1. Order by neighbour count: C:29, C:87, B:68, B:98, fewest other Cβ atoms within 10 Å first, most last.
2. Counting only other chains, and only Cβ atoms inside 10 Å, what mean value do you get across the residues of C:309-318?
3. Take the alpha carbon gyration tensor of segment A:1-93, find the square roots of its eigenvalues, order them as a ≥ b ≥ c, and report rounded if a/c is under 1.5; if not, report prolate when a/b exceeds b/c, else oblate.
4. Report the label-to-label distance for residue C:36 and residue C:52 in nanometres (one decimal), using points 7 Å from each Cα along the Cα→Cβ vector.
5. Once the principal axes of the Cα atoms of chain B are found, what is the range along each, listed largest first in whole angstroms?
6. When you look at the Cβ of every residue in A:101-109, what mean number of other chain Cβ atoms sits within 10 Å?
7. With every atom except the alpha carbons ignored, what do you get for Rg and Dmax of segment B:74-208, in angstroms?
8. What residue among A:222, A:138, A:104 shows peak mean-square fluctuation when chain A is described by a Gaussian network model with Cα springs under 10 Å?
């Protein structure tokens, strides 16, 4: 098991966003976290990457408990997140945004050249300020920047947010290569269909709890919408 | 044409101001921290140089080799051990209160250790040597050296910021500290490096001040004010703006002093206020977002 | 039937029985105690030594300054290190009005306050273009500008200053007593002013701004205007206080009147006592005076200690001494928070015959 989230509760100040959530991700598989707005999906990713100030329970990565390990050190261990809203650095060019993703030089197959091969749309825009790109290009840049960290565990937070379906599809077309380069992917998605197509297993969160989990192929539409919207049997 | 001489002297003085302002500008740029003890720390450096020169009879300029790395270390530890804790949370009070308190502490410690006597660093003949350009215009070697060092330091810093891994980390953290952490950037260490660099530059400034003129434990705040004015006149977010701001301030003060000896500093203040009133973003600054 | 304590069924609205309450038991005790204390202090000339009166003048004026600084920093989020500008302006306003213009001394003190408030208008307009630490230094620079300008006005004594002569027409003891009562009025007045301001809508607005400025703005709080108003009030308060201070000291010099030490003392007092509370500056002023009486002979080391204490308190006990007390006991002598009292349960519409304290009108 590459990642084990064990009965984790997370808080924003006094407000509890996650209640005893448990998730397991094996190395090499792709897991999707779905759920309505406010269900706690982003909070879960933030907990894994260490951005939540107050959290209880255990997050274990490759056998090592992460309690107290600061975010920048988790990156050194290979946990990389593409944050919600992309968060491209405006003061850096496209190329520099990629370079800063490799701030901690971790061994692995990804470098600027390979990222630009994966996302050719970025190649001739290398010198542009990172935010002077279309939404889809910024998302590619954000993913590319994360890949520069040569992740073992790649966390994608709502990459489809605000993008046209055709752009989203193009981004997801890059998934196979990302996975084959050695990254285990956990993705948070609003687009349930896209999530099911991309992932081996799915967790559905509802109001901070796991309402449903299983192999994406084996879940029925009814099960999914019940868990998503919180219909009780 | 004494005004031309004044402008030239003003530019040379401005070089010193730019050197003072560089560290202030850097710290604000990277972590939005205004260090109210900035000026006092430059005087600490001058006193350290004085102590060295008293012990080892050497030209004060050589003390750079000791004082600069030492002050870098002081800055690193100061940020890591104290100032980082003021940056937790969005409260604007702690950074101001702590650095203000630090300013008081430093001034009074220096007062106790070294007394209120006026001190100076004697760099020998270089202080008086000058290049005579015409019978009305002479450029002092030392002020010229100061200006060149200021330009060199600023250019070097600009290079670091635009071409190096550290510089990218500075810019990224300045843009978005939380996202920067996701890149594996350790804020606590990065901030400390920034403060280390800031204090290293202000140490050089303090040293040059001590050579150029006399100093006492209480002149730190005036240095802070001039550095601040240089930063604002030049514009936030631009290192070259800081250089320009320093030059403008130096010229304003020198021309003002020509009108009447007491008016030099006031003239500088008035130019600062004018920039604040009519061009708040500064001469080279990025436009201020609407309030 | 209607009457105190009973609500008629016909007119009772359905809805939660909630009341907005401000006073606490501690505050009621504090109010009585405070009134007694003020009465005793006002009779000071009858029972206190001259030297004690002088110390108290210093105490009340410093308390007033601290309350003003607290209003700015603790409530409006404006950290100014330039309040000494108004101390100086108050002093020089007094000098000009009383000596040069021959205006009645006590009226001069008041008008000096207005002068300060007037000068605060363009000052704020400029200073508000800066934020945070740069705002702080900016206010200091502006204070320096005022100092330099006044130093160059020879009618006001230039750099070496002048002695207030208008005061010498009064007999020494009468002057001391009058200055004392004025200082007491200023000190108590500052506390009352802060309290009154914060009880009103301004107070809620300020707390909202302090806690979350952008959210406050989106709710319609005029952030800029509110801050501007607070800055003017603080300027007025500091100027009046400055006039009283120099009514006592008599010798007015630019270096001293515009010294940044005034602000340093304000900061120390407020930080130690507790930023953002009205009780805090009172405690802080007491602590400051005790420290000054006992330790100031150690010269610069005393100031090093003050600075170190301020730094430690800021980092470790952010809400100061009063904060520590209030956290343990829940006391509030100057309650500005509004509490909701009542069960919060909706009442039935028709039959209401509940006994209890009558509704606030």
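Computed from the coordinates by the stated procedures, all read-outs in this text should not be read as laboratory data. Remember, it's a predicted structure, so these values are computed and weren't measured experimentally. Here Cβ is always computed from backbone atoms with ideal geometry, including for glycine, and neighbour counts include all displayed protein chains.
1. Ordered by Cβ neighbours within 10 Å, fewest first: C:29, B:68, B:98, C:87.
2. Partner-chain Cβ atoms within 10 Å, mean over residues of C:309-318: 5.
3. Taking the square roots of the gyration eigenvalues as a ≥ b ≥ c, segment A:1-93 is rounded.
4. Going by the 7 Å Cα→Cβ label model, 1.7 nm.
5. 61, 48, 34 Å, listed from the longest principal axis down.
6. Per residue, the number of nearby Cβ atoms from other chains is 3 on average.
7. Over segment B:74-208's Cα set, Rg and Dmax evaluate to 19.8, 62 Å.
8. Checking each option, the largest mean-square fluctuation is seen for A:222.
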